[in-house]
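Each remark here refers to the structure printed beneath this line.
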Amino acid sequence: MLRILLLSLLALMPIHSFAESCDTDCHRQCRVRTDFPPIEFIEPTCHAKCEIVKKAACVTRSNIPTIPLTPREQIETFGTQACAAPFQAITGVVIARCSNWDGRTGDQHLIQQATQVLVSAGIIQSSELSGVQVRWCPLQGAHGMAPDRGRIYLDTGLKGNLFGTASTLAHEVVHIRQYRSGGTDRFKCDYSRQFSECGGCQDRRNRFEREAYDFEDQIRLRLSQAVQASQVPQPQWAPPPGFPQQASNGFPSGFGMQVCGCWGFNPPAVAPEPRCASRAVRVNACPGFCQGGGNPYAYVCQ
């Protein structure tokens, strides 16, 4: 009876390019290897499906087409926690290493500065990082990772690079949004499925990563402007030896009050400056080009 039932089911199944036999090694068939972190594990839903089909192949004494499970079947059969196993295998290694790394809480001012840039530019809301620990860790192959909904790790190689730190943090905030939108276990399950289907990819082929990278692309210009604006020094000037002393009514028109530099985009044409006789400075274009776009400029007394 079982043999007849199996043969009837097989007659209704679409033909696939892969098949299981009675001799299939399901551990080998469902082994997944990753470069970051360098680990390997058995994908649980693949293994369970393989074993079921293998038993059917032994009964019918014939090769049976591989029958992929739908997302709903994966969750209904194994639960979201079991479905999330590949994600847990990857992130568990990172959490274990980074949560005990001595330098994880150092240089928090750099993280706070990057957060402030993102908030001031309207890229994220400050509340989005409420309850989320953002820490440093030598990730050895990645710029950042959000291994769970309350934790973000940034690679130590980003230190000193405000744009890189802020853009990576924005990328990981997208993953925090994904956790909160779908639920922790469901996100881990869906990410695991995407990860397995694309052969262990963590790039744009994975739709969750594609969303985060697309967000980075969208905010790149705004972030660049916000970073440059945050690094504009306040006009401070001390007369070098040989320069005339400030007259009682202020410095004359054209007197330099800020040296040429890449101080950001869209500078105000005129700004208050009580040390000038006119009580104002005007922007003055300088030769050259800035790495992030635009031209350097200075301020002189109006």
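The values are calculated or read from the model by the stated rules, or taken from the named source; none is laboratory data. Small disclaimer: the values here were computed from a predicted structure and weren't measured. Because the Cβ atoms are built from the backbone with ideal geometry, glycine has one as well, and the counts that use them run over all protein chains shown.
Would you confirm whether or not the stretch 143-150 contains a residue that is outside any helix (DSSP H, G or I), touching a helix residue (DSSP H, G or I) at 6+ places or on another chain (Cβ under 9 Å), free of Cβ contacts under 8 Å to residues at least 24 places away in the same chain and closer than 19 Å to Tyr191 by Cβ? Yes: one or more hits.
Which one of these is farther than 24 Å from Asn161 by Cβ, in contact with a Gly (Cβ under 8 Å, 6 or more places away or on another chain) and either part of a helix (DSSP H, G or I) or modelled with pLDDT of 70 or more (or both): Val53, Val59, Val32? I'd like the intermediate steps shown before the answer.
Values: Val53 fails: in contact with a Gly (Cβ under 8 Å, 6 or more places away or on another chain); Val59 fails: in contact with a Gly (Cβ under 8 Å, 6 or more places away or on another chain).
Of the residues listed, the single one that is farther than 24 Å from Asn161 by Cβ, in contact with a Gly (Cβ under 8 Å, 6 or more places away or on another chain) and either part of a helix (DSSP H, G or I) or modelled with pLDDT of 70 or more (or both) is Val32.
Screening Tyr153 against (1) part of a helix (DSSP H, G or I); (2) surrounded by 19 or more Cβ atoms within 10 Å (Cβ to Cβ); (3) of a type outside the set (A, V, I, L, M, F, W, C) leaves a single unmet condition, (1). All of Arg204, Arg210, Arg186 fail the test of being exposed (fewer than 15 other Cβ atoms within 10 Å of the Cβ) and in a helix (DSSP H, G or I), apart from Arg210.
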